[in-house]
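Asker: Following this message is one structure expressed as structure tokens.
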Amino acid sequence: MNDLPHHTSSALIANGHIENLSSLAPSIKTHSRIVAVDRGLIYCQQLGIIPDLIVGDFDSVPQSLLDEYAHVSTITLPKEKDETDLEVALEHELKISQTVTFFGALGARIDHTLTNLLIASRYPGRVIIKTESETVFAIQGDVTIPMSVGQTISLVPINGPVTGITTRGLQWELENKTLDASFIGISNVCLQPLIHISIQRGILLCVLILPVNQDSDDHQ
């Protein structure tokens, strides 16, 4: 029992593109901990949030902003390193929180976007990526996912073939199928409030398109 995480969830605010920051604020503020990752500190400032931790090499963060948050615990990283700032922050938070959600992790650069999706795929059930309109997370084994009837879901085999996939509750069901580079489960539709996905081997990225006017916290 002593090895269990001390916090329910951590929000990692990175520097990717966020079109409507205010729409994400309620979701960000539900987390037990908030961590600013490098220039994600600018988003914290815009939201009036004092993060619990700041992580980064700060090569593109104004010194005046760092001075404003000088009282906050900080992990300063070298500019040359094998891991990204977000990876270091994630590894730190996974030691103390059950789940970690990335905000601002997509969209600024395609290499960063792909890298962050791959990072999320390492941790099924523990790492989530959220934008204003999507929730992304990795799944393996047997999972049940709450959804809204009519909601769109995509299943993407980002790390190679995923085999033995069976779904229940979708418009186009899979029955012991394989998803790979030649067959990807894009834009399926949910037919019931709970869907079930079973995977024999591999890890899928699950992308939920959030219904209009629905709070993104429904799929944490």
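Asker: What is the diffusion coefficient of the stretch 101-220 in µm²/s, taking the Kirkwood radius over Cα pairs and the Stokes-Einstein relation at 37 °C with a viscosity of 0.692 mPa s?
Answerer: Roughly 229 µm²/s, to the nearest whole number.
Asker: Please compute the modelled spin-label separation between R168 and Q200, points set 7 Å along Cα→Cβ, answer in nm with one decimal.
Answerer: With each label placed 7 Å out from Cα toward Cβ, I get 1.8 nm.
Asker: Next up: What full-extension length gain, to one decimal in nm, is calculated for I110 and S60 as 0.36 nm per residue of separation minus the Cα-Cα distance?
Answerer: Net length gain for the segment: 16.1 nm.
Asker: Right, next: What is the angle, in °, between the Cα long axis of helix 110-121 and the longest principal axis of the Cα atoms in the chain? Nearest 10 is fine, range 0 to 90.
Answerer: Taking the Cα atoms of the chain, the angle to 110-121 is about 70 degrees.
Asker: E80 versus F183, label points 7 Å from Cα toward the beta carbon: distance in nm?
Answerer: In this crude spin-label approximation the distance works out to 4.8 nm.
Asker: Measure off 7 Å from each Cα along the Cα-to-Cβ vector at H7 and E134, then give the distance between these two points in nanometres to one decimal.
Answerer: Between H7 and E134, the label points sit 2.6 nm apart.
Asker: Taking the alpha-carbon distance from K177 and a cut-off under 18 Å, which aspartates and glutamates remain once sequence neighbours fewer than 8 residues away in the same chain are dropped?
Answerer: K177 reaches D142.
Asker: By how many nm would the segment from Q46 to A70 grow when fully extended, if each residue of separation counts as 0.36 nm and the alpha-carbon distance is taken off?
Answerer: Here the answer is 7.0 nm.
Asker: Further, regarding this structure: Hand me the chymotrypsin sites (Phe, Trp or Tyr not before Pro) from the stretch 1-99 located in a DSSP loop with no more than 12 other Cβ atoms within 10 Å, in residue order please.
Answerer: none
Asker: Given 20 °C and 1.002 mPa s, how large is the Stokes-Einstein diffusion coefficient of the stretch 48-144 in µm²/s, with Rh as the Kirkwood radius over Cα pairs? Spell out each step's value before the answer.
Answerer: Numbers: Rh = 15.0 Å.
Result for D is 143 µm²/s.
Asker: So which aspartates and glutamates pass the test for K95, namely a Cα distance under 14 Å, with those fewer than 8 places away in the same chain ruled out?
Answerer: Output for K95: D3, E87.
Asker: Counting only DSSP beta bridges with both residues in the chain, tell me the antiparallel percent, nearest 5.
Answerer: About 60 percent, rounded to the nearest 5.
Asker: Next up: Rg and Dmax of the chain over Cα atoms: what are they, in angstrom?
Answerer: Values for the chain (Cα only, Rg and Dmax): 18.0, 57 Å.
Asker: Further, regarding this structure: Sort out for me the Cα centre separation of the stretch 79-94 from the stretch 108-130, rounded to whole Å.
Answerer: 13 Å
Asker: Using 0.36 nm times the number of residues separating Q192 and E175, minus their current alpha carbon distance, what extension gain do you get?
Answerer: 4.4 nm
Where a number appears in this text, it was derived from the coordinates with a stated rule and is not lab data. Quick caveat, the model's predicted, so the values are computed rather than measured. Backbone-built Cβ (ideal geometry, glycine too); neighbour counts: all protein chains shown.
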